[in-house]
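Trainee: Supplied in structure tokens, the structure appears directly below.
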Amino acid sequence: MARFLLMRLVQSVFTLFLVLAVVFVIARVAGDPVTLLVTFDASQADIDRLREELGLSDPLPQQFVRFMGDALRGDFGTSFRTNRPAMNEVLERVPASARLAGLSLAFSLAISLPLGVLAAVSRGSVVDLFARFLALVGQAAPNFWLGLMLIFFFAVRLGWLPTGGRGGLDHMVLPAIALGTAGAASITRLTRSALLDVLNSDFVVMARAKGLPRRTVIFKHALRNALIPVVTILGLRIGTVISGSVIVETIFAWPGVGRLIIQAINVSDFPVVQAAVTLTASAVILANLLTDIAYMLVDPRIRYVRS
């Protein structure tokens, strides 16, 4: 187990290095940030002097080494828009994104686990068909389209909930549903299929033969083993929620990291984009690492060895 954790940690560090390298390249391919910092009547001498101050006139390898050193310290420069440290701009938005992501994951689990269990224990029934239909629709509907439909029906037509913006729990309901529906659909299908496989296994048949109550067989014996693959997809869903929040937060004007990325891209605020993308990628990498650890804890039979 220690060897596996060490290997995964090395892989995570290498992945983060690649992310930083891609961010460095994209920021320089997208355009010259100096043109955003000078006035329209600036002379070429002023432009060259500012480029020298920012270190953009140095060779690219030297710029890359300096960028990596600053990134390891959490220093991504100063925002062109607010003239504040870029990472501070991002960190201020993290709590809002974390609340929305947590609520969307809670919504996914609250819907998918009961629905998946009901579909499995009543295989072939109307409940099963209804659950599979909802799962199919949930996975097929893009979150941006679903978000717009939720705004139209529940905010504009019915007036039950606000259309967007920052506020209390009522402001988070619609974006959480839009962000968590795809996850609820995939977890429902996985829970159903995993539970069906476990219900046909020998140890469950033996438990039934012993005369154990049906509820005990399902929830104590079968469901515990069926949730092992759900742990994996839940960890993957964390990454999907983080990436999907860019669109959902923009649609609902939710002041999170996702919306900040779009705002920074629109004004070519490269330091903020670099800080936000790096922090987001780090969160996804950490979520995947914790998922692997949780997978091993849920099923002690699993051992990761060198192939």
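Trainee: Go through the stretch 59-132 and tell me which helices (runs of 4 or more DSSP H), entirely inside it, have 1 or more residues that are touching a Gly at 6+ places or on another chain (Cβ under 6 Å) and aliphatic (A, V, I, L, M).
Mentor: Details: elements: 60-72, 86-91, 94-121.
In the stretch 59-132, 86-91, 94-121 are the helices (runs of 4 or more DSSP H) which contain 1 or more residues that are touching a Gly at 6+ places or on another chain (Cβ under 6 Å) and aliphatic (A, V, I, L, M).
Trainee: If you check S122 against the conditions, is it closer than 25 Å to V246 by Cβ and of a type in the set (S, T, N, Q)? Before you say what the answer is, go through the steps one by one.
Mentor: On the way: closer than 25 Å to V246 by Cβ: no; of a type in the set (S, T, N, Q): yes.
Judged against the criteria, S122 is not a match.
Trainee: Looking at the stretch 5-21, which of its residues are β-branched (V, I, T) and surrounded by 12 or more Cβ atoms within 10 Å (Cβ to Cβ)? First the steps, then the outcome.
Mentor: The initial filter retains those residues of the stretch 5-21 that are β-branched (V, I, T), namely 10, 13, 15, 19.
Correct list: T15, V19.
Trainee: Give me a count of the residues in the stretch 92-147 that are of a type in the set (D, E) and loosely packed, with under 15 Cβ neighbours inside 10 Å. Can you show your working first?
Mentor: Step one: list which residues in the stretch 92-147 are of a type in the set (D, E), which gives 92, 128.
With loosely packed, with under 15 Cβ neighbours inside 10 Å added as a condition, the list becomes 92.
Result for the stretch 92-147: 1.
Trainee: Would you please list the contacts, defined by Cβ atoms under 6 Å and residues six or more apart or on different chains, that run from a residue in the stretch 6-19 that is at negative phi and among the β-branched types (V, I, T) to a residue that is surrounded by 11 or more Cβ atoms within 10 Å (Cβ to Cβ) and assigned to a helix (DSSP H, G or I)?
Mentor: T15/I285; V19/A281
Okay, residues lined up against (1) modelled with pLDDT under 85; (2) in contact with a Ser or Thr (Cβ under 7 Å, 6 or more places away or on another chain); (3) aliphatic (A, V, I, L, M):
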residue	(1), (2), (3)
A45	yes, no, yes
R49	yes, no, no
P61	yes, no, no
A110	no, no, yes
G124	yes, no, no
F133	no, no, no
M149	no, no, yes
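Trainee: Out of all the residues in the stretch 173-184, which are modelled with pLDDT under 90 and surrounded by fewer than 24 Cβ atoms within 10 Å (Cβ to Cβ)?
Mentor: A182
Trainee: Here is a follow-up. Could you please let me know if A71 is on the phi < 0 side of the Ramachandran plot, within 23 Å of the chain's Cα centre (by Cα) and surrounded by 13 or more Cβ atoms within 10 Å (Cβ to Cβ)?
Mentor: Working: on the phi < 0 side of the Ramachandran plot: yes; within 23 Å of the chain's Cα centre (by Cα): yes; surrounded by 13 or more Cβ atoms within 10 Å (Cβ to Cβ): yes.
It is true that A71 is on the phi < 0 side of the Ramachandran plot, within 23 Å of the chain's Cα centre (by Cα) and surrounded by 13 or more Cβ atoms within 10 Å (Cβ to Cβ).
Trainee: Which is free of Cβ contacts under 8 Å to residues at least 40 places away in the same chain and among the hydrophobic types (A, V, I, L, M, F, W, C), of V65, V94, V121, V90?
Mentor: Numbers: V94 fails: free of Cβ contacts under 8 Å to residues at least 40 places away in the same chain; V121 fails: free of Cβ contacts under 8 Å to residues at least 40 places away in the same chain; V90 fails: free of Cβ contacts under 8 Å to residues at least 40 places away in the same chain.
Going through V65, V94, V121, V90 in turn, the sole match is V65.
Trainee: If you take the residues of the stretch 251-270 that are touching a helix residue (DSSP H, G or I) at 6+ places or on another chain (Cβ under 6 Å) and outside any helix (DSSP H, G or I), which of them is nearest to A98 (Cα to Cα)?
Mentor: Among those residues, the one meeting the criterion is G256.
Trainee: Right, another one. Tell me, yes or no, whether the stretch 250-260 has at least one residue that is of a type in the set (G, A, S), modelled with pLDDT under 85 and either touching a Lys or Arg at 6+ places or on another chain (Cβ under 7 Å) or surrounded by fewer than 20 Cβ atoms within 10 Å (Cβ to Cβ) (or both). Full working, then the answer.
Mentor: Pass one, the stretch 250-260, residues of a type in the set (G, A, S): 253, 256, 258.
Among the residues that remain, those that are also modelled with pLDDT under 85 are: none.
No, the stretch 250-260 contains no residue that is of a type in the set (G, A, S), modelled with pLDDT under 85 and either touching a Lys or Arg at 6+ places or on another chain (Cβ under 7 Å) or surrounded by fewer than 20 Cβ atoms within 10 Å (Cβ to Cβ) (or both).
Trainee: So for the stretch 191-198 (the condition being in contact with a helix residue (DSSP H, G or I) (Cβ under 7 Å, 6 or more places away or on another chain) and surrounded by fewer than 18 Cβ atoms within 10 Å (Cβ to Cβ)), does at least one residue qualify?
Mentor: In the first step, residues of the stretch 191-198 are kept if they are in contact with a helix residue (DSSP H, G or I) (Cβ under 7 Å, 6 or more places away or on another chain); the result is 191-192, 194-196, 198.
Narrowing the set further to residues that are surrounded by fewer than 18 Cβ atoms within 10 Å (Cβ to Cβ) leaves 196.
Yes - at least one qualifying residue is present in the stretch 191-198.
Trainee: Need pairs with beta-carbon distance below 6 Å; first residue free of Cβ contacts under 8 Å to residues at least 12 places away in the same chain and within the stretch 197-219, second not in a loop (DSSP other than H, G, I, E, B) and not acidic (D, E); sequence gap 6+ or separate chains.
Mentor: Listed by first residue and then by second, the contacts come to R208/V217.
Trainee: Hey, does the stretch 157-164 have a residue that's touching a residue at least 12 places away in the same chain (Cβ under 8 Å) and farther than 25 Å from R259 by Cβ?
Mentor: no
Trainee: Restricting to the stretch 156-170, name every residue that is within 15 Å of A253 (Cβ to Cβ), modelled with pLDDT under 90 and not in a loop (DSSP other than H, G, I, E, B).
Mentor: D170
Trainee: Turning to a different aspect of this structure: Looking at V248, V230, V217 in this structure, which one is out of contact with any Asp or Glu (no Cβ under 9 Å at 6 or more places or on another chain), within 16 Å of L190 (Cβ to Cβ), part of a helix (DSSP H, G or I) and of a type in the set (A, V, I, L, M)? Can you show your working first?
Mentor: Values: V248 fails: within 16 Å of L190 (Cβ to Cβ); V217 fails: within 16 Å of L190 (Cβ to Cβ).
Just a single option satisfies the conditions, and that option is V230.
The values are calculated or read from the model by the stated rules, or taken from the named source; none is laboratory data. The structure displayed is predicted, hence computed values, not measured ones. FYI the Cβ positions are ideal-geometry reconstructions off the backbone, even for glycines, and counts take in every protein chain you see.
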